[in-house]
Structure formats: structure tokens, C-alpha cells
Amino acid sequence: MISLGIAVSVLAVIGIGLLVSRKVDGDSVNFLVAGRSLGLPLVAAGLMGQAVDSNATLGNTDLAGSVGFWAGASLPLGLGLCLLLTGIFFAKPMNRMKLLTLPDFYKIKYGRGVELAASILMIFSFCILLAGNLVAGGYLFERFLGIPYTAGVLLIVAIVLTYNVTGGMFSDAYTALAQTVITVIGSLALLIWVGSTYGIDIPDGMGPFDLGQLSNTSEGAAINWATLIALGIGDIVAIDFMQRIFSARSPEIARRACFASAAGTAVVGIPYALVALATTDIVDPDGGPRLLALLDEHAPAGLAILVLSAVVAASCSTANGAILGTAAVATRNIAGRTERTDTAGRDTLLRDVRITMIPVAAVAIFFAVQVPQTGILLTLAFDLMLAGLIVPFVAAHLPRRVTTAAAVAAMVAGLGVRLLLFVLTPTMYGVPNTVLYLNNSLIGPGFDGWPTFLGFLASLIAFLATHAAGRLRARAATGIPPASVLPPAPVSTPEPVKQPG
């Protein structure tokens, strides 16, 4: 019965995606940014659908149940913080620029070289993000459909590509609206059921008010703060978030959608963490993902269908945006394809993006098979963005002109330090580093979390130093000495005022 219910929900999502795909009408702008025509509900649902993914549900419950509330809730709360900051500072100016992809912004501000470097980093990071959502699908289909994990990963990719290749952003937006409704209802229903059946009895030291999780390194404070910062700030330069902001009908709609989705992300994400904590004595920690075990072994069939459909919906929604945005960046910003028509009158950019979706999905499948983790992959993806891209992005919004050299220095230093510390640290966000670890005696597991801050700090210092050096060179070239060696300005004494008479 559960398998049938999941199948029906998947078919419904596919049907919606295929139904609205005709809106693309052979135009790449319609395909990539929905013709910049989306209203508030669709933009907000799209942003929330990208935030409340399987990392923020399955990954959230796994981390909260094993480590504590802040280890799991940091995922949705970090994403909600990102949306809040984006709405306050960046949504309106980014929407006004009428861009097709986020690397277009780096090209306008810093030139082709920075655009290319930013595109490569975004593609790599988003393949990791996409993999995290494929992991959830693989586990879910393995447990409830009885198919091997790898086959489950391939199945979730096939589901997403079925309608994403045809409908692009239009299919993504409308399916995200349906998926968001399912996700909100599912998360609240799950919390109500757990509370009424088992009570919300949280183990000592693991609850939301046990702030040692945010102040004591022995309780994982460094890792929890690193998660919040990587997602809350690094996710600002997310391909999928910005793609939806570009799709909004107006700058004001883009801004308001960010605020609505930030609130919705917290409303959905926090219940999953509380559910995990309330059921630590019920669910076998070695029985696979905690949420799936709880639904399979304890929950009523109807609730299990609803929540599992929400998890599948979350995986599909984020996978939609990740595949679409990554393929667009690879095609437009790396291969240099532009909006043109061939001799048959077809939009070549649209065709090329659709073709590129296939290898993008293949790379993500590789990561999902090699690192079958959920929340960890999400954080790692935006950890790299935080180290390499956020400083140039924020600086480009400041009124003072920023040099390309400063942006390049920030990217090289931040990413270099972060990758070096990554290969030297034996764990990543609390799990063994099985991706790329060089055995050494310099760094132990207790250093986990700190590389996130050091990578960002290296990027910021390199940016400021290069920018200051450039200003000094510019002053020297024009014969203007630095302000520190300029003689003090003469102090003029006002003439005495003559008194009448």
C-alpha cells in the first residue's frame, strides 16, 4: 500500500510537470527563467522547494537524532537564514539585472575569467548537492520498493528528467508548488502524530535549549556553527535560488518570496528535528535513515504515504532546480552558448541545455554512489561556495569599484585553504572523510568545523589585501601619495570680524 501511494504521488508530480511544459514554447528564456513571469506563490514555492530538500529532512533527522537538535536543525535554519539575507540585500538588485544564470553576474562585474572559474566551482558544488538528494531517493526506494540502492538513485533521476527536460523552470515552479503543499502538511502531521503517540520527550543535553551545542566544542559547537554559516551565507550564491529570483515578475515579488520561503523553511524543518529527538528510543540507529525506519516500522500507513511522498517531492524539487541550473551554467557560461536560432528556427541554447542535463545527472549519480550521505553533502557543497564565491559576490554590490584581481585573489585563497584543510581533516561534519583524505598527524577529528571559517577568512583577507594594494598602485601611477604620507591640510584662521563704528 505504501509503495502504491508513493507511486501515485510521483505520477501526479510528473503529470503536472508535463502539463505545463508547453509554456516553454521553444524559447530558452522561458525554459531557464520562466520568461521572468512568475508571481509570488510560484517563486516562494520554488525557493522553499529548493531549501526543504531531502538533506533538510532525512539528513536533519539523522543528525538531530544522533547528535542533537542543532546538528540537524542547522540545515533548514541555515537555509532559512540564507533566504532571509537574500531578501534583505540581494533579491531586488539581482532581479533587476535580467540575468539568465548566476555566473552572468560575475562576468558583468569581473570579466570572462572570473565567470569561468565561478561556473566551474558552482557546477562542482551543485553536483554534490544534487547527489545528496539522489541519496534520499535511493534509500527510500530501496526500503519501500525493494530495489537496490543504486537502482533507486537511477530511478529518482529518471523521474526528474522526465518532466524537467521538457518543461524547465515552468515545470519546476508548478511542481514545486504542489510539492511544497505536500511537504508542509506532511511535516506537521508527523509532528502531531509523534507528539500524541509518544510525546515530545527530548533526551537531556540534545534539545533546542541545550545551548552547549552552540558554545561547547566537545558538544559539536564548531560543526553546528559551520553548518549554519556555510548554508546561511554560502548558499546566497546558489544557482537554484538565484534562478528563481531571476524568474520573478518583479524585484518586489523576488524580495517577498525570499521572506515567505524563509519562514516556510523553518516551519517545515524544525518539526523533523523534534520528531527525531522524540523517537531516539524507538528507532534503531543502525536501521538506515531514522525517518524511513520510523515510518516503515511504527507509523500508520496513511501518514507514512504522506510523509514519504513529501520526501520524494523534496528530492525531486531540489533535483529539478539543481539539474536545470547546473546544465544552464555549463552550457551558457562555460561552453559560451548564447540565444540563437538555427536554420530551422529552433533555439540552440534551449537544445544545448537539455542535452547537457544528461551528463550533469551522471556526475551527481557518481557522487551519490560514492558518498551515500544526505545532510553532509548539502553542507559540503555550500562550504566550497562560502570559501570561493561569497566575498566577490557581496563586494560587487558595494558602491565602491572592486578590481578583478581582488576577486581572483579571494577565490584562489579561500578555495585553496578550504580544499587543503579538507584533505587533511579526517572527518567532515562529523562523519569520516571517505572522499579525499590524506593520512597525517597534524590534524585530528577535533578540528572538524573550523576549516569552514578559515576558508572564508582566507578569502576575505586576500580580497582586502589585494584591493588595498591595487588602490596604492593606482595612487602611485597618478602621482598621488597614500593618505598616510600626505601632509596635513593647512588650518586657516578666520579673519576677525570688524565691529561697526
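Considering only segment 424-433, state which residues are open to solvent by 20 Å² or more (accessible area, probe 1.4 Å) and either of a type outside the set (Gly, Ala, Ser) or modelled with pLDDT of 90 or more (or both).
If we filter segment 424-433 for residues that are open to solvent by 20 Å² or more (accessible area, probe 1.4 Å), which is where we start, we get 424, 426-427, 430-432.
Across segment 424-433, the qualifying residues are Leu424, Pro426, Thr427, Val431, Pro432.
Among residues belonging to segment 241-273 that are open to solvent by 30 Å² or more (accessible area, probe 1.4 Å) and of a type in the set (Val, Ile, Thr), point out the one that is farthest from Thr86 (Cα to Cα).
Ile270
(1) at pLDDT below 75; (2) assigned to a helix (DSSP H, G or I); (3) open to solvent by 10 Å² or more (accessible area, probe 1.4 Å): which one isn't true of Pro359, the others all being true?
(1)
Identify, please: which residue in segment 434-447 is open to solvent by less than 70 Å² (accessible area, probe 1.4 Å) and of a type in the set (A, V, I, L, M) and is, among those, modelled with the highest pLDDT?
Ile443
With the condition kept exactly as written, say whether any residue in segment 386-398 is assigned to a helix (DSSP H, G or I) and either of a type in the set (S, T, N, Q) or closer than 17 Å to Leu436 by Cα (or both). Steps first, please.
Filtering segment 386-398 down to residues assigned to a helix (DSSP H, G or I) leaves 386-388, 390-395.
Remaining after also requiring either of a type in the set (S, T, N, Q) or closer than 17 Å to Leu436 by Cα (or both): none.
No, that holds for no residue.
State whether one or more residues within segment 407-427 are touching an Asp or Glu at 6+ places or on another chain (Cβ under 7 Å) and among the hydroxyl-bearing types (Ser, Thr, Tyr).
Yes, the conditions are met somewhere in segment 407-427.
Taking segment 448-481 on its own, how many of its residues are assigned to a helix (DSSP H, G or I), open to solvent by 30 Å² or more (accessible area, probe 1.4 Å) and either in contact with a Gly (Cβ under 6 Å, 6 or more places away or on another chain) or more than 27 Å from Pro392 (Cα to Cα) (or both)?
0
Which residues, counting only those in segment 199-216, are out of contact with any Leu (no Cβ under 8 Å at 6 or more places or on another chain) and either among the acidic types (Asp, Glu) or crowded, with 18+ Cβ neighbours inside 10 Å (or both)?
Those that are out of contact with any Leu (no Cβ under 8 Å at 6 or more places or on another chain) and either among the acidic types (Asp, Glu) or crowded, with 18+ Cβ neighbours inside 10 Å (or both): Asp201, Asp204, Asp210, Gln213.
Specify the residue that is farthest from Leu295 (Cα to Cα); the eligible residues are those in segment 178-198 that are polar (S, T, N, Q) and surrounded by fewer than 19 Cβ atoms within 10 Å (Cβ to Cβ).
Filtering segment 178-198 down to residues polar (S, T, N, Q) leaves 179-180, 183, 187, 196-197.
From what's left, surrounded by fewer than 19 Cβ atoms within 10 Å (Cβ to Cβ): 196-197.
Numbers: Ser196: 15, Thr197: 13 Å.
Filtering segment 178-198 for residues that are polar (S, T, N, Q) and surrounded by fewer than 19 Cβ atoms within 10 Å (Cβ to Cβ), the one farthest from Leu295 (Cα to Cα) comes out as Ser196.
Kindly indicate whether Tyr106 is at pLDDT below 95 and among the hydroxyl-bearing types (Ser, Thr, Tyr). Can you show your working first?
Working: at pLDDT below 95: no; among the hydroxyl-bearing types (Ser, Thr, Tyr): yes.
The answer is no for Tyr106.
What pairs can you find where one residue is in segment 395-421 and under 20 Å from Ala381 (Cα atoms) and without any contact (Cβ under 8 Å) to a residue 24 or more places away in the chain, the other is open to solvent by 60 Å² or more (accessible area, probe 1.4 Å) and part of a helix (DSSP H, G or I), and their Cβ atoms are less than 9 Å apart, with a gap of 6+ or different chains?
Close Cβ pairs (under 9 Å, with a partner that is open to solvent by 60 Å² or more (accessible area, probe 1.4 Å) and part of a helix (DSSP H, G or I)) do not exist here.
Does Phe382 count as part of a helix (DSSP H, G or I), aromatic (Phe, Trp, Tyr), crowded, with 20+ Cβ neighbours inside 10 Å and at pLDDT below 90? So that I can check it myself, show each step before the final result.
Working: part of a helix (DSSP H, G or I): yes; aromatic (Phe, Trp, Tyr): yes; crowded, with 20+ Cβ neighbours inside 10 Å: yes; at pLDDT below 90: yes.
Criteria met by Phe382.
For the structure I just gave you, tell me whether Gly375 is open to solvent by less than 10 Å² (accessible area, probe 1.4 Å), under 22 Å from Val10 (Cα atoms), modelled with pLDDT under 90 and within 24 Å of the chain's Cα centre (by Cα). Break it down into steps so the answer makes sense when it comes.
Numbers: open to solvent by less than 10 Å² (accessible area, probe 1.4 Å): yes; under 22 Å from Val10 (Cα atoms): no; modelled with pLDDT under 90: yes; within 24 Å of the chain's Cα centre (by Cα): yes.
When the stated conditions are applied, Gly375 does not pass them.
On the given criteria, is Leu32 in a helix (DSSP H, G or I), over 22 Å from the mean Cα position of the chain (by Cα), under 19 Å from Ala319 (Cβ atoms) and of a type outside the set (Ser, Thr, Tyr)?
Numbers: in a helix (DSSP H, G or I): yes; over 22 Å from the mean Cα position of the chain (by Cα): no; under 19 Å from Ala319 (Cβ atoms): yes; of a type outside the set (Ser, Thr, Tyr): yes.
Here the answer is no, as Leu32 does not meet what is asked.
Considering (1) crowded, with 18+ Cβ neighbours inside 10 Å; (2) in contact with a Leu (Cβ under 8 Å, 6 or more places away or on another chain); (3) farther than 29 Å from Val353 by Cα, say which one Ile147 fails and leave the rest.
(1) is the only condition that Ile147 fails.
Can Tyr149 be described as in contact with an Asp or Glu (Cβ under 7 Å, 6 or more places away or on another chain) and aromatic (Phe, Trp, Tyr)? First the steps, then the outcome.
On the way: in contact with an Asp or Glu (Cβ under 7 Å, 6 or more places away or on another chain): yes; aromatic (Phe, Trp, Tyr): yes.
Considered against the rule, which asks whether it is in contact with an Asp or Glu (Cβ under 7 Å, 6 or more places away or on another chain) and aromatic (Phe, Trp, Tyr), Tyr149 comes out as yes.
Taking into account only those residues within segment 283-308 that are open to solvent by 10 Å² or more (accessible area, probe 1.4 Å) and assigned to a helix (DSSP H, G or I), which is nearest to Ala381 (Cα to Cα)?
Per the stated criteria, the residue is Arg290.
If only one of Leu79, Leu75, Leu100 is open to solvent by less than 10 Å² (accessible area, probe 1.4 Å), modelled with pLDDT under 95 and over 16 Å from Gly234 (Cα atoms), which one is it? Write out each step before concluding.
Details: Leu79 fails: over 16 Å from Gly234 (Cα atoms); Leu75 fails: over 16 Å from Gly234 (Cα atoms).
The conditions single out Leu100.
Quick one: which of Val114, Val184 is closer than 22 Å to Leu4 by Cα and of a type in the set (A, V, I, L, M)? Can you show your working first?
Values: Val114 fails: closer than 22 Å to Leu4 by Cα.
Answer to the selection: Val184.
Please pick out the residue among Asp210, Asp204 that is at pLDDT 90 or above and in a loop (DSSP other than H, G, I, E, B).
Working: Asp204 fails: at pLDDT 90 or above.
Matching residue, one of Asp210, Asp204: Asp210.
The values are calculated or read from the model by the stated rules, or taken from the named source; none is laboratory data. Because the structure is predicted, anything quoted here is derived from the model rather than measured. Quick reminder, even Gly has a Cβ in these numbers, built from the backbone with ideal geometry, and neighbours come from all protein chains shown. Surface areas here come from the heavy atoms of the whole protein model, side chains and all, with no ligands, DNA or RNA. Shrake-Rupley method; radii C 1.70, N 1.55, O 1.52, S 1.80 Å.
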